[in-house]
1. For region 35-152, what is the accessible area per residue in Å², given a 1.4 Å probe and the full set of protein chains?
2. Rounded if a/c is under 1.5, else prolate if a/b beats b/c, else oblate: with a ≥ b ≥ c from the C-alpha gyration tensor eigenvalues square-rooted, which is region 1-126?
3. Could you tell me whether region 114-173 comes out rounded, prolate or oblate from its Cα gyration tensor? Rule is a ≥ b ≥ c as square roots of the eigenvalues, rounded for a/c under 1.5, then prolate if a/b exceeds b/c, otherwise oblate.
4. Sort 252-258, 365-371 for me by packing, meaning the mean count of neighbouring Cβ atoms within 10 Å per residue, highest on top.
5. Could you work out the equivalent-ellipsoid semi-axes for region 226-314, taking the square root of 5 times each eigenvalue of the Cα gyration tensor, largest first, in whole Å?
6. Taking amide H positions as placed 1.01 Å from N in the peptide plane, with prolines and chain starts having none, which residues 5 or more places from residue 165, or on another chain, fall under 5 Å of its amide H?
7. List the residues, sorted by chain then number, that are 5 or more residues from residue 173 or on another chain and whose placed amide H is less than 5 Å from its amide H.
8. Mind checking the alpha-carbon convex hull of the chain and giving the volume per residue in Å³?
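The values are calculated or read from the model by the stated rules, or taken from the named source; none is laboratory data. None of these values were measured; they are calculated from a predicted model. With ideal geometry, Cβ positions are generated from the backbone for all residues, glycine too; neighbour counts draw on all protein chains shown. Please note that ligands, DNA and RNA were not included when accessible areas were found on the heavy atoms of the full protein model with its side chains. Shrake-Rupley method; radii C 1.70, N 1.55, O 1.52, S 1.80 Å.
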Amino acid sequence: MKLKSKQPDLPVSIFSVMSRLAAGHKAINLSQGFPDFDADPALIALMEKNMRAGHNQYAPMPGVPALNETLALKYQKQHGASYHPLNEITITAGATEALYAAITAITFPGDEIIVFEPWYDAYLPMIRYSGGVPVTIPLSLPGFQIPWDEVERRISPRTRAILLNSPHNPSGAVLEQQDILRLKRLAQKHDFLIISDEVYEHIIFDGKKHLSMAAFPELAARSFVIGSFGKTFHATGWKVGYALAPQAMTAELRKIHQFITFSVHTPTQHAYAGYLADERHYLGLGAFYQKKRDHFARGLAASRFRLLPSRGTYFQLADYSAISDEPDTDFTRRLVEQHGLAAIPTSVFYRDGRSRGLIRFCFAKKEETLDKALEVLCRI
Ligand code: PMP
Ligand code: GLN
């Protein structure tokens with residue numbers, strides 16, 4: 001039997017490819033985005049406590065109520081937003097599931113979803129599995145800003161939603177007030193939905209404040225706001241995230257969620273409910289990663305890499321054109337094979353797949369790992 005593929009050209013994710021390559025070469029892995037240090041022992045203790053307390057059966061489909069309630073309070077306090085814990089907040093298996101459920105819930109065949117490039121690699125395949133059409137718009141250089149005039153030109157009667165990601169992976173760009181103003185005007189005029197991937201909400205630098213869709217009632221009314229505890233609490237492997245959305249949108253999202261996973265790992269939800277209640281557990285995250293960003297950038301000042309600004313996320317883009325003119329996929333392969341260091345080529349996040357001479361480093365690493373990486377990178 002010949003199995004017909006729904007997306008025959010879909011490759012294995014670059015994050016799997018590079019991490020596997022890094023492991024094979026025992027390379028320093030600055031490719032896939034995850035910390036090489038552990039989560040807080042207090043969080044791990046909470047997980048163990050909740051397992052021993054017998055929280056080991058299915059959680060309610062929308063989430064463990066204590067976690068939904070803690071999230072509602074957090075968004076109230078931080079963004080003045082009011083989400084009903086039981087009707088407007090859904091706990092998912094990572095932000096990945098929330099994205100998939102949100103996209104699947106709203107996309108009819110032929111619907112257009114606006115996506116900016118470079119993008120996070122999951123977006124396009126998710127849209128296409130629903131028969132949606134990704135409308136890709138390049139972010140403007142040098143700052144990777146949203147070109148709003150072009151967005152307006154590309155809006156059509158089939159535009160169903162716009163997919164935003166701030167702080168932005170891989171560029172580290174963040175939304176500014178003027179973006180919010182343009183978005184409000186456009187959304188009102190054209191009546192599209194918003195899927196807002198905010199997994200790096202707390203990893204934002206230089207005193208900037210994260211502008212969540214949750215903070216603007218006109219935008220929140222048409223948005224899925226998506227977050228991830230994996231990024232915030234150094235536990236990417238626990239795969240717990242969430243989606244916030246008005247009740248009618250949440251109801252549609254849950255129709256998908258209930259048949260992808262139904263519910264998410266119960267003891268983890270209880271542990272997060274306790275841990276998230278103390279805002280000291282996340283308010284210092286920007287400063288924590290800013291120190292790492294600055295340490296890494298200071299070290300690379302002595303190298304031939306040219307760094308682009310990183311205003312948020314734990315990623316740093318670097319231009320290697322002073323070192324080589326080979327395509328970024330060849331350059332990153334050689335970096336692993338010859339120098340024992342893994343990074344991410346950014347061409348895979350563009351529709352035309354053309355190399356821009358830019359690679360992405362993840363600096364969510366112990367200082368000793370960053371120092372080892374700097375030694376290698378400064379020799380190249
Ligand atoms: N969105 C972006 C922009 C990401 O970088 C990631 C990677 N963690 C995700 C979503 C997925 O998050 P999770 O691991 O919680 O599924
Ligand atoms: N978000 C992580 C990154 O950008 C990877 C997540 C994954 O491996 N799918 O590196």
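1. Using a 1.4 Å probe on heavy atoms only, each residue of region 35-152 averages 42 Å².
2. Note, shape of region 1-126 comes out oblate.
3. Oblate is the answer for region 114-173, as a/c is 1.5 or above yet b/c matches or exceeds a/b.
4. Sorting 252-258, 365-371 by mean packing, highest first, produces 252-258, 365-371.
5. 34, 17, 12
6. Those qualifying (amide H under 5 Å, at least 5 residues apart or on another chain) are 197.
7. 168, 311
8. 152 Å³
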